[in-house]
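The values are calculated or read from the model by the stated rules, or taken from the named source; none is laboratory data. What you see is a predicted model, and the numbers here were worked out from it, not measured in a lab. We place every Cβ from the backbone using ideal geometry, glycine too, and count neighbours over all the protein chains shown. Please note that ligands, DNA and RNA were not included when accessible areas were found on the heavy atoms of the full protein model with its side chains. Shrake-Rupley method; radii C 1.70, N 1.55, O 1.52, S 1.80 Å.
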Amino acid sequence: MITPAFELTQDPDFLTIIIKVPYARASEFDVYFEGEDFKFYAKPYFLRQLTLPGRIVEDGREKASYNTDKGTFTIWLPKEIPGQYFEGLDMLTSLLAPKKSRSAKPLVEEIVASAEFSEEEEEEFDWEIEQTPYKESAESTLPLQYRYGFGNLRSGVFQRLQDELSDVIDIKDPDQTPVDERRRKRLAAEDAKFEPDHYLADLFEDEAIQHVLKYKPWWVDAHKKMTALQGESHQEHDTHTFVVFSEEEREQLRKFTNKSYLLDKRSRHHVYLGLIDILLAYCYEICVNEGDKNVESSWNIRKLSATLCWLESFTSIHDVLVSFGRRVLCYPLHRHFGLVTRAFSDTIMILQLGRAAVLKCLLDIHKIFMENEPGYILNDLFITDYCIWIQKTKSKKLAALSESLQKTTLTKSHMGFELEELEAAAVLVQEEERTLKAVGTVSKQQLPSSESETSDSEESSSTSSETEGSDSDERESSTSDDGKINSLQNMLQEERTAPLTDCNGLRQGTNTLAFEVSDEKSKVSLQSTSVPGKLIEELEKQMHTAIRLSEQPEGLATASCVLQEQEE
């Protein structure tokens with residue numbers, strides 16, 4: 001017999017069941033329903049039993065129809081209590097489970113209400129429990145094996161899969177490595193892998209990262225709709241309003257074998273924290289690839305989740321966030337703290353949407369790992385069990401988990417990589433580079449004027465050297481006229497009344513400026529109350545240079561100027 005594809009919807013008065021039977025005869029089918037049970041048969045299809053989340057009743061309002069084009073039966077069943085909300089209609093695996101049988105065993109508690117163990121599964125679980133004390137006994141010659149996987153229920157798996165071990169997880173020999181040692185090795189590997197240059201490059205050149213941060217996955221719109229409807233009424237809404245499963249996802253749910261898990265309080269704690277870790281890695285993958293899948297998708301998810309890569313068992317939500325943040329900054333292509341906070345907020349949204357949203361994400365992870373050759377091992381260890389377990393989890397548990405996650409804070413200082421110090425040092429370096437660049441720009445702008453000044457100074461120096469040469473010649477030629485020079489110095493010394501004398505022999509603050517020529521053939525007398533600009537220009541043209549006054553006596557300097565005038 002073939003289990004047909006089916007889906008369930010509801011309104012306040014009716015439960016609607018749509019069953020796809022394309023190869024069945026419409027004239028030959030049987031339907032049975034009573035209370036919480038529903039069965040359907042149309043050769044070769046047989047829906048053995050659906051355990052409904054609420055009671056239905058046969059009161060004459062029930063009806064059915066068949067669509068020949070689509071090959072589907074649609075059956076409307078009245079609710080026993082009109083207006084009652086049937087929770088979990090999209091959890092197909094749990095709906096296919098048989099009703100829970102009553103048990104008189106007081107010491108055994110089944111965590112999930114709507115399931116029971118098959119005999120084979122119960123024997124396997126009992127075997128794992130019995131093996132642990134036997135291996136720890138003094139008479140045992142077998143080495144102690146540590147557990148891992150969903151709820152830490154598995155062991156010895158990687159002893160049979162040594163070839164695939166290095167491609168799936170980072171830890172070596174997990175069967176012989178306790179949890180504390182796994183954590184120490186993981187932290188050491190992350191410290192060794194962290195690259196400050198890569199982190200700073202993504203921090204300051206973040207155009208690509210800012211682009212992917214703008215991407216909005218499907219749960220963003222679903223969360224907005226849920227928030228809007230919550231403001232209108234306090235009544236619970238069907239998850240179909242926010243989360244829609246594809247036909248491929250529904251088919252995968254029907255393929256899962258229904259299980260029930262006996263987990264103690266500590267194991268349940270590990271399961272919930274592992275779920276957060278896996279969802280964080282999945283949200284990062286969806287964000288950076290904008291919802292598209294590629295060959296690196298499987299690697300990203302398992303590498304960023306310490307639960308999958310190091311078989312880690314966390315003890316607090318903060319430890320989960322710190323582990324995820326450290327791994328984001330160490331391993332993937334984009335290593336930006338903004339991606340950590342984005343995955344953090346996305347995970348909160350998914351948990352607030354309820355188990356349907358969580359299940360949809362887990363089904364996508366399951367598909368990604370199935371398409372990856374070594375990744376299927378992680379499906380067997382974790383994802384398949386999570387897909388079955390989440391369907392039977394109470395919505396209140398996930399709501400409380402999302403609330404606790406929302407209250408947890410995560411900062412860069414928690415990463416342990418001294419990120420704030422690195423960023424501060426990088427900012428200082430950037431400021432220095434900007435300053436040097438600005439100085440270089442100003443220097444380039446002043447370069448033409450500097451060149452002209454340099455040329456002027458070169459001309460001045462050459463002219464000065466020529467002048468010095470001529471002065472030396474004048475000194476040699478005037479040795480015979482020492483008497484005349486001394487008399488001229490005496491005359492100028494008497495006339496000096498101002499404290500400063502310019503280089504041309506002009507004394508400021510005097511009414512009469514006189515120049516006498518040593519050859520006694522001409523005498524020039526200039527009468528003026530001030531030095532005219534025209535006279536200065538003529539003197540500059542005649543002199544061609546400015547003679548610097550040294551600290552020598554003023555009379556000697558004036559004598560030099562007179563001698564130079566005589567030479568010209």
DSSP-loop trypsin sites (Lys or Arg not before Pro) across the stretch 276-361, with at most 16 other Cβ within 10 angstrom: Lys293
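Please tell me the relative contact order of the stretch 5-86 in percent, rounded to the nearest whole number, where contacts are Cα pairs under 8 Å and at least six residues apart.
Details: 166 pairs, mean separation 27.6, N = 82.
About 34 percent, as a whole number.
Which pairs break 20 Å Cα to Cα here: Lys20/Lys360; Lys193/Lys214; Lys216/Lys394; Lys70/Lys392; Lys225/Lys360; Lys265/Lys396? Let's see the in-between values first.
Details: Lys20/Lys360 22 Å; Lys193/Lys214 28 Å; Lys216/Lys394 28 Å; Lys70/Lys392 31 Å; Lys225/Lys360 17 Å; Lys265/Lys396 17 Å.
Flagged as over cut-off: Lys20/Lys360; Lys193/Lys214; Lys216/Lys394; Lys70/Lys392.
Assuming R0 = 25 Å, can you tell me the calculated FRET efficiency for the pair Glu371 and Thr9, based on Cβ-Cβ distance, to the nearest 0.05?
Working: r = 31 Å, r/R0 = 1.23.
The calculated FRET efficiency here is 0.20.
What does the convex hull of the alpha-carbon atoms of the stretch 158-420 project to on average, in nm²? Let's see the in-between values first.
On the way: hull surface 59.0 nm².
The directionally averaged projection comes out at 14.8 nm².
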Prolate/oblate/rounded label for the stretch 244-290 (Cα gyration tensor, a/c 1.5): oblate
Carbon and sulfur %, accessible surface of the stretch 158-420 computed with the full protein complex present, 1.4 Å: 51 percent
Net charge of neighbours whose Cβ lies under 14 Å from the Cβ of Ala189, counting Lys and Arg as +1 and Asp and Glu as -1: +4
Gained length - Asp191 relative to Lys394, 0.36 nm times residue gap less alpha-carbon distance: 69.2 nm
Glu431-Val57 pseudo-label distance in nm [points 7 Å out on the Cα-to-Cβ vector]: 7.7 nm
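Tally up the carbon and sulfur contribution to the accessible surface of the stretch 5-86 as a whole percent, 1.4 Å probe, everything protein left in place. It would help to have the intermediate numbers written out before the result.
Numbers: 2120 of 4390 Å².
For the stretch 5-86, the apolar C and S fraction of the accessible surface comes to 48 percent.
Efficiency by 1/(1 + (r/R0)^6): what FRET value for Gln406 and Asp264, r their Cβ-Cβ distance, R0 = 25 Å, to the nearest 0.05? Working shown, then result.
Values: r = 27 Å, r/R0 = 1.07.
Efficiency for this residue pair is about 0.40.
Leaving out ligands and nucleic acids, and using a 1.4 Å probe, what accessible area per residue does the stretch 5-86 come to in Å²?
Numbers: 4390 Å² over 82 residues.
Solvent-accessible surface per residue comes out at 54 Å².
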Cα shape, the stretch 184-224, gyration tensor, a/c 1.5 rule: oblate
Neighbourhood charge, 11 Å Cβ-Cβ cut-off, centred on Val21 and excluding it, Lys, Arg +1 and Asp, Glu -1: +3
Accessible surface, the stretch 217-371, averaged per residue in Å² (probe 1.4 Å): 37 Å²
Binned Cα-Cα distance frequencies in the stretch 199-322 - 5 Å width, integer %: 2, 8, 12, 13, 19, 20, 15, 7, 3, 1
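What's the extension gain from Val439 to Thr68 if we count 0.36 nm per residue and subtract their Cα-Cα distance? Write down the numbers at each step before the final one.
Working: separation 371, 0.36 × 371 = 133.56 nm, distance 8.18 nm.
Contour length minus the Cα-Cα distance gives 125.4 nm.
Determine the relative contact order of the stretch 158-420: mean sequence separation of Cα pairs under 8 Å and six or more apart, normalised by residue count, in whole percent.
Values: 263 pairs, mean separation 69.0, N = 263.
Contact order relative to length: 26 percent.
Eigenvalues of the Cα gyration tensor times 5, then square-rooted: what semi-axes does that give for the stretch 279-398, in whole angstrom, largest first? Kindly include the intermediate steps, with their values, before the conclusion.
Numbers: eigenvalues 79, 63, 41 Å².
Taking √(5λ) for each Cα gyration eigenvalue gives 20, 18, 14 Å.
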Gained length - Glu423 relative to Asp30, 0.36 nm times residue gap less alpha-carbon distance: 134.4 nm
